[in-house]
Amino acid sequence: MKKFSSLFILTILSTLTFAQKSNYNLIVGTYTAPGKSEGIYTYNFNTATVATKLKSITKNTANPSYLAVSPDQKFIYAVNETGTSSTVSAFKYNAKTGNLTFLNKVDSHGADPCFITVDAKNVIVANYSGGSLAVFPRKADGTLNEASQVIKHTGKSIDPKGRQESAHVHMVKFTPDHKYLIVNDLGEDQTYIYNYNPAGKEKTLTAKSVLKTNAGTGPRHITFSPNGKFAYLAHEFNGSITAFAYSSGSLTKVQEIGTTAKDFAGKVDGADIHVSADGKFLYETNRGDANSISAFSILPTGNLKFIETVSTLGKGPRNFSIDPSGKFLLIGHQYTNNIVIFNRNKTTGKLTDSGKRIDVGAPVCLVFN
């Protein structure tokens, strides 16, 4: 009887553990203007049933377009993309309830911040219109100090539509070894690699090298393979992807591949790019007239092999995210005000519509926690 009771308890605990692992927070950054969003949304996402439930809305924060969760999961940082008055906000985060409690905000030191990253010591922001990046030291209570370092880019490139008349820093991302920071400048057609010293104060970032990308392509987002050996750079203007081998702060080009048909004549507006957690597949989204997502398999050499391109089933696919189970891929559509949930075949990498949607105003950043 005692053995039966112990077995019963173990079974119950196992079931509860499984149930707990099926539920994750999905945190959504949005544009609050022109008014269909109220701020930052936290949902419960069940990886077993694909059910979503709204847990909380963090209001009174303007255009919190991009978000980052601290490594200890206790704080969330958001850019407030409001032109020359832009700020960076810090929030205390309760993962159980999904609530965010405002702590403080600081000047972003550049117009229209469009990306944010965080580690144990610093928050780093990319200011798009300002053409700059800024480093903000974190305090123990999660609040932000004023910027300890601001780096202003000053170059330009050849785009005839005016998007490259000045520098436009679009992304800041740590390398897998955390020794360097990758910075994509869409306006300059350049990718910068900075040495990173987390306690360096005004010299937290120091220049290491600069890569020139193909003129007029607009480097936007970059992602790394889970093993840290390869990196993939998405270009906004033509949707192309550059594959690199990565080692010790150096990127070596191995491939350039497109994501649109050769006869495609519309506006591309490449957006986001991610590798699946198993390192087998890569996905990239295009906005503009394309509104598509492309899937590629990743070969042992790091090269990409095209699988398919499908409609994102919405307009303006900005950020997307693969859920922790790897079974679903969620795409936020800025202009159709919804998140489309795709089934993801973990063996083939292919996507199919799950039929599930989350209605939310102008979603542009999806973060699982």
Taking 7 Å along the Cα-to-C-beta vector as the label spot, tell me the Asp119-Asn214 distance in nanometres, rounded to one decimal. 3.2 nm
How would you rank Val268, Val123, going from fewest to most other Cβ atoms within 10 Å of each one's own Cβ? Val268, Val123
Between Asp272 and residues 5 or more places away or on another chain, which pairs have amide H atoms under 5 Å apart, with H built 1.01 Å from N, and which residues are they? Thr285
If you rank Ser248, Ser321 by fewest surrounding Cβ atoms within 10 Å, what's the result? Ser248, Ser321
Other-chain or far-sequence residues with amide H under 5 Å of His170's (modelled H): Asn184, Asp185, Leu186
Given C-alpha coordinates of the chain, what is the ratio Rg to Rh with the Kirkwood estimate of Rh? 0.98
Taking just the C-alpha trace of region 171-329, give me its Rg and Dmax in Å. 15.6, 50
If the viscosity is 0.890 mPa s and the temperature 25 °C, what translational diffusion coefficient in µm²/s does Stokes-Einstein give for region 198-241 when Rh comes from Kirkwood over Cα pairs? 193 µm²/s
Rg and Dmax of region 119-219, using alpha carbons, in Å: what are they? 14.0, 47
Report, in cubic angstrom per residue, the convex hull volume of the C-alpha atoms of region 32-86. 107 Å³
How long, wide and thick is region 265-313, going by the Cα atoms along their three principal axes, in whole angstroms, largest first? 33, 20, 15
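Given the -39500 (n - 2.57) contribution per DSSP H run of 4+ residues, what per-residue ellipticity at 222 nm results for the chain, rounded to the nearest 500 deg cm²/dmol?
Working: 1 runs with 20 residues, N = 369.
When only DSSP H runs of four or more count, the value is -2000 deg cm²/dmol.
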So who's got an amide H within less than 5 Å of the one on Asn122, skipping anything under 5 residues away but keeping other chains? H placed 1.01 Å off N, in plane. Arg138
Calc'd 3J(HN,Hα), region 148-157, phi into Karplus 6.51 cos²θ - 1.76 cosθ + 1.60 (θ = phi - 60°), Hz, glycine/Pro = x, comes to 8, 8, 10, 10, 9, 8, 10, x, 8, 8
Putting +1 on Lys and Arg Cβ atoms and -1 on Asp and Glu Cβ atoms, find which of Tyr93, Tyr192, Asn145 reaches farthest to the positive end of the dipole of the chain. Tyr93
For 64-77, 177-190, 230-243, 302-315, ranked highest to lowest by mean beta-carbon neighbours within 10 Å, the order is 230-243, 177-190, 64-77, 302-315
How many nm is it between the label spots at Ser311 and Thr206, if each spot is 7 Å from the Cα in line with the beta carbon? 5.4 nm
Here region 47-205 gives, from Cα atoms, an Rg and Dmax in Å of 16.3, 49
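What pairs in Lys121/Lys253; Lys179/Lys350; Lys208/Lys280; Lys53/Lys315 have C-alpha atoms more than 27 Å from each other?
On the way: Lys121/Lys253 31 Å; Lys179/Lys350 34 Å; Lys208/Lys280 30 Å; Lys53/Lys315 23 Å.
Among Lys121/Lys253; Lys179/Lys350; Lys208/Lys280; Lys53/Lys315, the Cα-Cα distance tops 27 Å for Lys121/Lys253; Lys179/Lys350; Lys208/Lys280.
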Per 10 Å bin, what is the whole-percent P(r) computed from every C-alpha pair distance within region 264-369? 16, 50, 30, 4, 0
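We did not get these values from a lab; they are worked out from the coordinates using the rules stated. Since the structure is predicted, the reported quantities are computational estimates derived from the model, not experimental observations. Here Cβ is always computed from backbone atoms with ideal geometry, including for glycine, and neighbour counts include all displayed protein chains.
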